[in-house]
Amino acid sequence: MNKVPITVRGAEKLREELSHLKSVVRPRIIQAIAEARAHGDLKENAEYHAAREQQGFAEGRIKEIESKLANCQIIDVTQLNTDGKVVFGATVELEDLDNEQVVTYQIVGEDEADIKEGRISITSPIARALIGKREDDVATVQAPGGVREYEIRSVKYI
């Protein structure tokens, strides 16, 4: 199986969520199941069924996170010798050549992507067009709205 790239921050967030699920959510659900069982007949006990459903979701998420962490390659962009190129984990400031709007994106793994926070997936059209380019290069992006051109103003490894 191929290793999925993830940033150091992304891996840490997954570990935090996993820890929270195991140490807070799981015990709370177990307690809720125990309380619901104490009420008697389980067939018609809505609290019991709701708690079991929550348990299923929580256990599924725990397994998903454990699998992601087992199959990921954590990339610390601050430790890479990138020679000024745009690589996975780099933070890139771009200027849209059509409207002169300036945007900043960090290129991250698919699970970490959040456009509102300026993190785009390595598989996105913009990221694919930027990889390997340097400051002052122009990247042509085939976006859903048509072809866009971006000039790379700066590349940072933070």
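Every number in this text was worked out from the coordinates using simple rules, so none of it is lab data. What you see is a predicted model, and the numbers here were worked out from it, not measured in a lab. Quick reminder, even Gly has a Cβ in these numbers, built from the backbone with ideal geometry, and neighbours come from all protein chains shown.
Quick notes on this structure:
- Most fluctuating residue given options 84, 145, 118, as computed from a GNM of the chain linking Cα atoms under 10 Å: 145
- Net charge in the neighbourhood of residue 16 (other residues with Cβ under 12 Å of its Cβ; Lys, Arg +1, Asp, Glu -1) is +2.
- Cleavage-rule hits (GluC sites (Glu not before Pro)) in region 52-158: DSSP loop, at most 15 neighbouring Cβ within 10 angstrom: 100, 110, 135
- Total charge dipole magnitude, the chain, about the Cα centre, Cβ charges on Lys, Arg, Asp, Glu only, Debye to nearest 20: 680 debye
- Calculated from backbone phi, Karplus (6.51, -1.76, 1.60) coupling profile of region 62-76 in Hz, x at Gly/Pro: 4, 4, 4, 5, 4, 5, 4, 5, 6, 10, 10, 10, 7, 10, 9
- For residue 110, the residues whose modelled amide H falls within less than 5 Å of its own, excluding neighbours fewer than 5 places apart on the same chain, are 122.
- Taking the centroid of alpha carbons for each part, region 1-46 and region 137-158 are 40 Å apart.
- Here the chain is scanned for trypsin sites (Lys or Arg not before Pro) in DSSP loops (not H, G, I, E, B) that have at most 13 other Cβ atoms within 10 Å, and the longest stretch holding none of them is 44-158.
- Total charge dipole magnitude, region 69-158, about the Cα centre, Cβ charges on Lys, Arg, Asp, Glu only, Debye to nearest 20: 220 debye
- Under the convention that each Lys and Arg Cβ holds +1 and each Asp and Glu Cβ holds -1, the size of the dipole of region 4-75 around its Cα centre is about 260 debye.
- In nm, spacing of pseudo-spin labels at residue 8 and residue 35 (7 Å Cα→C-beta vector): 4.2 nm
- The chain: mean projected area of Cα convex hull, nm²: 12.7 nm²
- For region 136-141, 3J(HN,Hα) computed residue by residue from phi via the Karplus equation (6.51, -1.76, 1.60; θ = phi - 60°) reads 6, 6, 10, 9, 9, 10 Hz, glycine and proline entered as x.
- In a fully extended conformation the segment linking residue 23 and residue 128 would gain 33.9 nm over its present Cα-Cα distance, using 0.36 nm per residue.
- Most mobile of 144, 27, 125 in a GNM of the chain (Cα contacts under 10 Å): 144
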